[in-house]
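Below: the structure, in structure tokens.
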Amino acid sequence: MNSHFSRIESFTAFQVATLGVFSTWALGGGAGWATFIIGLLGSLAPLITLAAVRERHAAGQLNGTPFLLLLPLLAFNALVLLSTLQPNLRIAFIEGANVYVPRADLSAWPSSARPELALKQLWLFDAIALSCFNLLFAIRRKRTLRTVLLILATNALALAVFGSVQKFVGATGLFFGQIASPNTSFFASFIYHNHWGAFAVLMLAVCLGLLFNLRPWTGYRDFWHSPALAAVVAIFFLAVTIPLSASRSCSVLAVVLLAAALIHGLRRVTQYHKVEGKPTLGPSLALALTLLVACAALVGLTREVIETRAADTQAQIAQMQSIGSIGARAQLYGDTWRMACEQPWFGWGLGSYGTIFSFYNTLQSSDHLPQFYADAHSDWLQLFAETGAIGTLLFLGFLLAPLLTLRRRAMTTLPRYLFAGCSLILLYACIEFPFGNPAVTLTFWICYFTAVRWAQLDQRERAC
């Protein structure tokens, strides 16, 4: 029986790690072909879940908790599927062209502007969410979770080096100009620099968690002969790439995360040397000096980008001061809010934003032509506009329900860092759309469910 569990566990880890690595190199998973492959690979998740259920039932270890945690996701699916049965737009032939025209008021019922897009978005979301949920249900050992995180961290380091070299040689497109990028602010294999920034923040949290999860040099000669050195190298390269990619907001998030890690590191070093009866001043000064050298190297490598983005920021602040508001972004949010308030309970339908927003968009470009927005630049606001208050609450239920299985005091270092990284991205989603990128979405859910499962295993160990 243990061998069966081991095979299911190994296959779960393999599937999740494969999805995580593939999505990052496949243009962040944003291309149509990449999205299809992610959905296809992720569609194996229900089979893995059923296999895990069967084996646990045979071992007499099955309980209802995982199924209760899935109820919000199942309800969310039911809402979206129900909405596709009632389109809230119809196609009309006006002046020689097919255009979308709103139907009668359907705000009291689930409806969808683009049922075909809703089904496509739901398929991708389920493929990602359920694949990562299996980490919570099918993984029984910390060693397996650690292996998944190490694979993702190694992949992130390779991407960071690749993206940095690509940036320094002045590549005009992705993969050293082999693929034309629709966005000039690309980095590594990610089309949009803020998506890379969100991914890098999550991977920083992973690397910091793995670093602090190590017991001080246990089984190793010293720092230089331990895995801690590799973790520090990965942290440095990932930290460099965030400002190098010109992602200002994610640079701020990275500074917050690294500052907290620095304080944590100083405390750990001090406590360890006190226990060993060694002086604490020397190691503390060495850590501070190392930090200064790293900061100097970071500024030196990214100075040109930092100066350019600083100038852009000053210009934007001056413009906001002159008009007395935060500019186009405030107008975008206001128009999206008006759109959402038209269908407050069930929204306009998953995947409908780009279509419906055109009816509410008051933004105009310099040539006075309407601008097209496929994303609201706020994942939370877009979720509310597309799925309404009911859909948003169901999503929050799926997100928060696993936390009810945890006791905060029993949580160790690794899950704390993973939760910190996830929390920063959830906060970032208020003003950007990191979850519009499949690779970021996958990485987020992997980190989240790994943190929950690790904390559950911590609780089990302490109870024994």
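A few notes on this one:
- By average C-beta atoms within 10 angstrom, highest first, the peptides 140-147, 175-182, 240-247: 240-247, 140-147, 175-182
- Prolate/oblate/rounded label for the stretch 33-188 (Cα gyration tensor, a/c 1.5): oblate
- Residue-span extension gain [LEU396 to PHE176] - 0.36 nm each, minus C-alpha spacing: 75.2 nm
- Gain on full extension, evaluated as 0.36 nm per residue between VAL169 and ARG54 minus their Cα-Cα distance, stands at 36.1 nm.
- Computed from label points 7 Å out along Cα-Cβ, the spacing between LEU292 and CYS430 is 3.6 nm.
- Each peptide among 28-34, 65-71, 124-130 gets the average number of other Cβ atoms lying within 10 Å of its residues, and from highest to lowest they stand as 124-130, 28-34, 65-71.
- Global geometry of the stretch 368-427, whether rounded, prolate or oblate, following the gyration tensor of its Cα atoms and the 1.5 cut on a/c: oblate
- Cβ-Cβ FRET estimate between ARG267 and ALA92, R0 fixed at 51 Å, reported to 0.05: 0.20
- The modelled label-to-label distance for the pair VAL255/GLU116, using points 7 Å beyond Cα in the direction of Cβ, is 4.7 nm.
- Packing-based ranking, highest mean first, of 232-238, 37-43 given that Cβ atoms within 10 Å are counted: 232-238, 37-43
No lab work stands behind these numbers, since they all come straight from the coordinates. The structure presented is a predicted model; accordingly, all values stated were derived computationally and were not measured. Every residue, glycine as well, gets a Cβ built from its backbone with ideal geometry; the counts of neighbours run over all protein chains shown.
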